[in-house]
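First comes the structure, then the notes that go with it.
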Amino acid sequence: MSPPVAVLHGKTSSGDAAPATTGHADLNPAAEASLVAADWHRSAESLILACVRIKDDLTAFGQDQTLLEAFLAGLVDGSVLSRSEAKLGRRAPKLFKLVKIGEHADLLRRKEISDFLPPSYSTMYQLVVLFEQLQKGEQGIKELARILAAGQGEISREYLSEQTHRLKQKRSGAKGVSTAPVRSEPIVEVKPGELTEGERFDLLLLTPSKQDLRLLRADYTEASTLQRCLPPLSKLIDPGAAIIIAARVSDLPVIVNILLPLCGSSRPSHILLARQPASPDVTDAEVFVTTESTELGLSLPEDGGWLDHAGPIDAPAVAARLCPAASRKLHVFAAAQADGWRCLVGDDSGIEKPSIR
C-alpha cells in the first residue's frame, strides 16, 4: 500500500500543514543526504534527527523531481535506503516510516519515552503506530510510558507490535465491533481459513522458528500430515510469485527438501547470506532462501554485498527489499504483525499442530 501522498508533501500526523519553508534554492540535496547519513547509525537521538531532516527535506524539495532524485541517491550512497527503495521515490514504504518518525520527534524525545528507545527506525515506527491507537494528548503519552516501562528494559519492535495487537483486541471486545485501522500502513491479521479461498499473493515469506523446523523434520505415519496441518501454501500464491524463507545454513536440508515443496517449488534459485559470517564455521549463519519470481523478479545485492550488516535481522524488510515490486505479501510463521503484510502469527500459521509420537 502506498503511503498517503499528503504525508510526504508536508502534512503532519494531525493533518495540519508542516511549517512553511523558504524554498529549496539554498538546499543541496547531496549535502542534505550526507547529513542524514552521518546521523543514521550513531544513536536513537541522532536517528530521530535524521528522520526530521528527511521529513523537512522532502517538504522543501516539493515536486522538483531532479532535486528529489539527487537527495534519494545520496541516501542510497549513505546506506540509508537501498537502490530498489530509492526507485520507488515517495512511494517507498521505508521512506513513509522515516517521515512518520520525523513527525513524532517531540514525542520520541520525551525522557519517559526516549529512555527505552534503541537506535532502530523499525522499532520507533512501531512505537508511533502504537501511540496512534492510544488516547490523544498527555493521557495517551502516560499510557505509552506505562507500556514501555512494563517491557522491563530496552524495547523491541516485536514487543510494541504485540502491545498494539492486544490494544486493538481489547477495544474490539469492548465495543463489539472491529477497530478502526491504524493511520499508517495497515496491520492485517488473518486466520488460515480466511486465506484459503480467493485471495492470492505475489510474495510469500516464511520465517519458521526452531519449534516449527522440529515439526517439519519429524517423521509422520501419514505422508500427508504436513499438507493437512499447514495452510495450502502453493494455492495461496500466484504462479509467478516469489518465495523467500529465512533460516540458518544448518536448516537448509529441511527448507529445500520439505518446506519449499510444500510451497509448490522444486528448488531454490538463490541462497543468500544475511551478513558476513563471523567465523569460517557458517553452520549457524543466517540465510535467505529464495525462488525466482517470473513476474516480479528479484532485486539481488550488488557486487555480492550482504543483505544486512548489524543487529537483529528484519526478515519482512529484507524480503520487501529483495522483491520491491510485490504488492500482495503473505508472512507465514510470523513472530508478530508487520506493516503492509498479511501475517499468520504463532499457532495461526497452522490449521492444526502435527502430532509427534
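With respect to the cross-link table entries Lys136/Lys170; Lys100/Lys136; Lys168/Lys235; Lys111/Lys142; Lys55/Lys94, which display a Cα-Cα separation exceeding 20 Å?
Result: Lys168/Lys235 exceed 20 Å.
With the crude spin-label approximation of a point 7 Å out along Cα→Cβ, what separation in nm comes out for Glu69 versus Thr221?
Inter-label distance under the simple model: 6.5 nm.
Pop the C-beta distance of Ala325 and Ala285 into the FRET formula with R0 = 30 Å and round what comes out to the nearest 0.05.
0.60
Values quoted throughout were computed directly from the atomic coordinates according to the rules given, and no laboratory measurement underlies them. The structure displayed is predicted, hence computed values, not measured ones. All Cβ positions, even for glycine, are placed from backbone atoms using ideal geometry, and neighbour counts span all protein chains on display.
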